[in-house]
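Derivation of every value follows stated rules applied to the coordinates shown; laboratory data play no part. Please read all numbers here as calculations on a predicted model, not as lab measurements. Glycine gets a Cβ as well: all are built from the backbone with ideal geometry, and neighbour counts include every protein chain shown.
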Amino acid sequence: MRRTRPDKVKTLRQRVLILCEGAQTEPNYFNGLKHDMKLRRRLSAVDIEVYQPKQYTPLGLIREAITKKKKALSKRNPYDAIWLVFDRDFHRHIEEVFDMCYKNDVQIAYSNICFELWFLLHFEQVTSPFNKCKNLISYLHDEHNLRYQKNGKNYEQFKELTQQAIANARLLESYHEYNTKTKGPKYEWNPYTNVYELVEYLLDL
């Protein structure tokens, strides 16, 4: 039998699944990142899937992630990583969702109050809370003259400032960690997002 030389064996790319709660903003952003001319070869194996549970909740999202993980394992084609992208946005059972993600080795890209906070961090550091997502979007429009649309090509609009957004997100996280007025678990911090962790993960693949 002819053997394949070790140096001829192709290295398989990582298989990554990203489940987005939102139907437009989040998948549009990550699909834009995936298809960036400079990145799409490295990210060709990333499977970005939009899933909207019947109850439209993060709890439905983690249940779907667990189902897909088991199905992939049964087919001997497991994911190297599974990420959930969702917002606080007044959803119930957030604590339960975080616990289920931890127990099932599912990664979280979470924003409070909403994903648009990640966009704002491309332009400035922020520590003041937003009570409603529409207030945050209005702030983006008013303070940064930003023509933002949920179904727009937002990655293209923001990509040149990605590293600045990552730095600002890290500063925001440190602010909460060392601020004596910040109480409770991370999912109650406002404003807060760790979307930068998923972005860095994809950029480093």
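With respect to the conditions (1) assigned to a helix (DSSP H, G or I); (2) among the polar types (S, T, N, Q); (3) touching a residue at least 12 places away in the same chain (Cβ under 8 Å); (4) surrounded by fewer than 18 Cβ atoms within 10 Å (Cβ to Cβ), ASN168 lacks only one, and its number is (4). Scanning segment 191-205 for residues that are in contact with a Leu (Cβ under 9 Å, 6 or more places away or on another chain) and among the hydroxyl-bearing types (Ser, Thr, Tyr) returns TYR192, THR193, TYR196. For ALA109, the criteria (1) over 16 Å from LEU17 (Cα atoms); (2) surrounded by 18 or more Cβ atoms within 10 Å (Cβ to Cβ) hold in every case but one, which is (1).
Listed by first and then second residue, the pairs with beta-carbon distance under 9 Å, at least 6 apart or on different chains, first residue in segment 54-81 and assigned to a helix (DSSP H, G or I), second of a type in the set (S, T, N, Q), are GLY60/GLN52; LEU61/GLN52; ILE62/ASN104; ALA65/ASN104; ILE66/ASN104; LYS69/ASN104. Against the conditions (1) within 19 Å of the chain's Cα centre (by Cα); (2) exposed (fewer than 14 other Cβ atoms within 10 Å of the Cβ); (3) not in a helix (DSSP H, G or I), GLU160 satisfies every one except (3).
Using the structure shown, decide if TYR102 is among the aromatic types (Phe, Trp, Tyr) and farther than 30 Å from GLN157 by Cβ. Spelling it out, TYR102 is indeed among the aromatic types (Phe, Trp, Tyr) and farther than 30 Å from GLN157 by Cβ. Taking each residue of segment 176-188 that is part of a helix (DSSP H, G or I) and looking for partners that are surrounded by 15 or more Cβ atoms within 10 Å (Cβ to Cβ) and hydrophobic (A, V, I, L, M, F, W, C) with beta-carbon atoms closer than 6 Å, six or more apart or interchain, yields HIS176/TRP189; TYR187/ILE94; TYR187/PHE98.
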